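Below is one structure, written out as structure tokens, with a few remarks after it.
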Amino acid sequence: MSRCKVTLFEQAAQLLASGQSFAYATIISENGSTPRSVGAKMLILPDRIYETIGGGGVEGDVIRLARERVLSDHQPRIKRYDMTGADAANSDFICGGTGEVLIDYIDAQDADNLTIFEQAAQAALCGQNAWLVTILDENREASSPRQFFLVLAGGQVVGTFHETPYLDKIAVCSPLAGSLHGEVRPGVRCIFDAVHIGGTVYLFGAGHVSKEVATMAKMAGFHVVVLDDRVEFANAERFPGCEVRVIDSFEHMPLFAIDANSYLLIITRGHLFDRVVLEWALTTEAGYIGMIGSRSKREAIYGYLRGEGVAQARLDEVHSPIGLAIGAETPAEIAVSIVAELIQERARARKTQKSAAQQQQQHEGGRL
């Protein structure tokens, strides 16, 4: 599989492998309108940066703080920003919301850090859930005032986690904890930074529209998997940076780890296998299912599936015709409309997940 862009985690691993330490900035909370959402991150070195947390006054202040303080004293900081009111506007903090940014020091001399970011890069590449965990403990009795490690979906820890009387492995390292941010007790902050947050797009069909969709979906942060039964279309040259699979037939789908973070796009050649793929897709737990084509084609397929016992309520969940209604005609324009809809649905899902996590935190009194 060819690659066209180095991910932030790969870049971090390359820096560490070359002996370069850096500051690692992550948006860990946001409320209202902010430049970027929770999970946006960047690497800061004395002479350059990688990626962005939104630009403007907030990013400029984070870069300044990282270079003047964090890279010098190696101490992590959580900086809160209030982008409301006249003072904020005068300072170029004009979005109108509030947020927090964690600025941590990642030391190249600590061998665990290289392993952590290498594993994070692999998880991101494969579309696997994992969380970078930072624990800041200001209590005097804390033997480890700052902990940093990676938790894989199965609960495996990469790096070192030190248990304390109020931090046990089951509570901190279970997959359920990955959706939470909390203060375990006064002065103890647990921060979970999801490695794979962009979602995985599965493109069923490797034609002209899919080629454009793949390019734009990658730019929007999705992991892309392309499937077709034609090797001359489904190949790494046509889809650089994507996971490409040549299948025997759309009627015999391989096993996939389809979940709520999966986006299934049905764009088979000439619509020949759209019904077959849709019938299979409706048996999965995908967070998004979209099918290209006209309304008349959609109704014909829906009619067949209703005859096979598929409930109308389930069919109503399918996005078809796929994409936002922007008058798109060319493959590139159609791809814009499709990826825009994916971004819209992803943002809606994140908002729902954030609300659920906040409700759970309130229910548990802020404890993990």
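Just so you know, all these numbers are worked out from the coordinates, no wet-lab data involved. Just so you know, these numbers come straight off a predicted model, no measurement behind them. FYI the Cβ positions are ideal-geometry reconstructions off the backbone, even for glycines, and counts take in every protein chain you see.
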Taking the Cα atoms of segment 226-309, what is the range of coordinates along each of the three principal axes, in descending order and whole Å? 39, 28, 21
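Once R0 is set to 56 Å, what does the formula 1/(1 + (r/R0)^6) return for the Cβ-Cβ distance between Ile326 and Glu163, expressed as a FRET efficiency to the nearest 0.05?
On the way: r = 53 Å, r/R0 = 0.95.
The calculated FRET efficiency here is 0.60.
If R0 is 22 Å, what FRET efficiency do you get for Ser18 and Ser72 from their C-beta distance, rounded to 0.05?
Efficiency, from the Cβ-Cβ distance: 0.60.
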Under 5 Å between amide hydrogens, which residues at least 5 positions from Val201 or on another chain qualify, with H placed 1.01 Å from N in the peptide plane? His223, Val224, Val225, Tyr263
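Could you pull out the GluC sites (Glu not before Pro) across segment 229-289 that fall in loop regions by DSSP (anything but H, G, I, E, B) with no more than 16 other Cβ atoms inside 10 Å?
Details: sites: Glu232, Glu237, Glu243, Glu251, Glu279, Glu285; in loops: Glu232, Glu237, Glu251, Glu285.
Here the GluC sites (Glu not before Pro) that fit, given the DSSP loop and packing criteria, are Glu232, Glu237, Glu251, Glu285.
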Asp259-Gln344 pseudo-label distance in nm [points 7 Å out on the Cα-to-Cβ vector]: 2.7
